[in-house]
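Some notes on the structure that comes next.
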């Protein structure tokens with residue numbers, strides 16, 4: 001009976017010795033970063049598109065056999081810049097679309113900057129409070145038009161979220177096509 005157990009043990013040990021652990025380790029890390037990046041496109045406290053970009057770079061450095069090309073890295077970098085531009089300008093454009101004054105747009109900008117330092121609630125409430133406060137204090141608007149432009153800020157931010165998810169999916173697509181097929 002001991003011979004049978006020893007043969008099974010040698011077979012299992014031989015299987016694990018034959019596995020290319022660097023291959024599985026790098027791909028596990030890459031896929032984990034891609035999934036976290038996609039989740040970060042939805043959740044405001046994770047830098048989603050940046051994590052997707054980092055996944056491509058880390059995979060390229062650690063796994064040269066299936067590395068991304070410079071063109072693929074450049075396209076991902078461009079999409080990363082687009083994602084951050086969408087994040088930055090979507091609330092301001094939404095406010096402007098709904099009739100915000102220049103003061104309101106400036107308030108959304110200032111509120112967004114201040115909100116960066118206040119964590120998750122600041123990221124969500126900063127542009128809204130900033131836009132509303134600037135409309136009321138500096139543009140001397142009534143409550144109803146100021147609330148309308150604040151609603152535009154919220155709507156613009158929502159559209160920006162959908163656009164950021166789309167850009168993140170495009171970044172993942174660029175990685176998959178470049179790493180697996182080019």
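Give, as ranges by residue number, the residues of region 153-182 whose backbone N falls under 16 Å from the point 7 Å along Cα→Cβ of residue 66.
172-182
Relative to the first principal axis of the alpha-carbon coordinates of the chain, what is the inclination of helix 48-62, with its axis defined by its Cα atoms, in degrees from 0 to 90 and to the nearest 10?
On a 0 to 90 degree scale, this one is about 30.
In the set (i) 9.6; (ii) 14.5; (iii) 31.1, which value of mean projected area of the Cα convex hull in nm² was calculated from the structure you see?
Correct label is (ii).
FRET efficiency for residue 138 and residue 45, Cβ-Cβ distance as r, R0 = 22 Å, nearest 0.05?
Approximately 0.10, to the nearest 0.05.
On a 0 to 90° scale, report how tilted helix 21-42 is relative to the longest principal axis of the chain, with both axes built from alpha carbons and the result rounded to the nearest 10.
Taking Cα atoms only, the helix is inclined about 20 degrees.
Could you work out the helix-only [θ] at 222 nm for the chain, with each DSSP H run of four or more residues adding -39,500 (n - 2.57) and the total divided by the number of residues, to the nearest 500 deg cm²/dmol?
Counting only the DSSP helices, I get -29500 deg cm²/dmol.
Angle, helix 102-116 long axis vs. longest principal axis of the chain, Cα atoms, 0 to 90°, nearest 10?
Roughly 40 degrees, rounded to the nearest 10.
So if we plug the beta-carbon distance of residue 16 and residue 180 into 1/(1 + (r/R0)^6) with R0 = 22 Å, what FRET efficiency do we get, rounded to 0.05?
0.30
Only the coordinates and a few stated rules stand behind these numbers; no lab work does. Note that the structure is predicted; figures quoted are calculated from it, not measured. Positions of Cβ are generated from backbone atoms using ideal geometry, with glycine treated the same way; all protein chains shown enter the neighbour counts.
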